[in-house]
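Down below is the structure, laid out as structure tokens.
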Amino acid sequence: MLAKRIIPCLDVKNGETVKGVNFENLKYAGDPVSLAKKYSNEGADELVFLDITATNEGRKTTLNMVEQVAKQVFIPFTVGGGIKAIEDMRSILLAGADKVAVNSQAVKNPQIIKEASSYFGSQCIVAAIDAKRIDGDFYVFINAGQKNTGIKLLDWVKEVQKLGAGEILLTSMDADGTQNGFDIEMTKLAVENSNIPVIASGGAGAEAMHFVDVFKEAKADAALAASIFHFDTLPIPALKQQLSKCNIIVR
């Protein structure tokens, strides 16, 4: 079994890290650069930085913030938000990111995944997917969770792989910020229909068993969390210790 990855996420708005519940009611959670340095030092395996209002505000990712964070971390660093073209990806990678996460634009123009994976290598391209349960099925949402695309999650998971994405970052909008545990059913669906790594996101709480469940039951390759790390509810070193006790291999 490959080692499972623990990934803190920085949702950034107006230069500040924020966190909400179900993509709403955002509150201040700290300085992105300080948090990034802290997580890198604490043993996080990777870091994700999402400029969450860039797409809806019609602007590009804040590159100076990406550069500042990149200088503080010595772990793989993924950046997403406001990406519309290959040039945007190039700028983000040149600013210090190791991977680029594309969400809304990938749905609007799927060929961007194919072009980007061909140009930069699939290992650099993360397909970020926000999904929600509607009438017993899962559907893909874009524009920071504001627009239902009508595309079924299963169909989109298969499509992004065909196009060349190297990894999937799957966020359950229903579980986001609730701290009641990951959406096992949704994650398992993606994992079982994927031959690329799946990062589970949305719902992590103070119980290490939430991570144990998503690794053992859903077979996720990595688990992403925000609130519990930002507010020291469950620090990364303590989480990794507990995972080891549960026979989960971590780095």
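The values are calculated or read from the model by the stated rules, or taken from the named source; none is laboratory data. The structure displayed is predicted, hence computed values, not measured ones. With ideal geometry, Cβ positions are generated from the backbone for all residues, glycine too; neighbour counts draw on all protein chains shown. Side chains included, ligands, DNA and RNA excluded: accessible areas come from the protein's heavy atoms. Shrake-Rupley method; radii C 1.70, N 1.55, O 1.52, S 1.80 Å.
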Practice item. Take region 183-217 and flag every residue that is in contact (Cβ under 8 Å) with a residue 40 or more places away in the chain, part of a helix (DSSP H, G or I) and open to solvent by 10 Å² or more (accessible area, probe 1.4 Å). Key: L189
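Out of the residues in region 218-237 that are of a type in the set (A, V, I, L, M, F, W, C) and out of contact with any Pro (no Cβ under 9 Å at 6 or more places or on another chain), state the one that is surrounded by the fewest Cβ atoms within 10 Å (Cβ to Cβ).
F231
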Exercise for review: Taking K19 as the residue in question, decide whether it is among the basic types (K, R), in contact with a Leu (Cβ under 9 Å, 6 or more places away or on another chain) and modelled with pLDDT of 90 or more.
Suggested key: no
Point to revise | Of all residues in region 218-251 being free of Cβ contacts under 8 Å to residues at least 60 places away in the same chain and aliphatic (A, V, I, L, M), the one that is farthest from D183 (Cα to Cα) | key: A238
Exercise for review: Determine whether region 98-121 contains at least one residue that is at pLDDT 95 or above, in contact with a Cys (Cβ under 9 Å, 6 or more places away or on another chain) and small (G, A, S).
Suggested key: yes
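Would a scan of region 218-229 turn up a residue that is of a type in the set (G, A, S), assigned to a loop (DSSP other than H, G, I, E, B) and more than 15 Å from the chain's Cα centre (by Cα)?
yes
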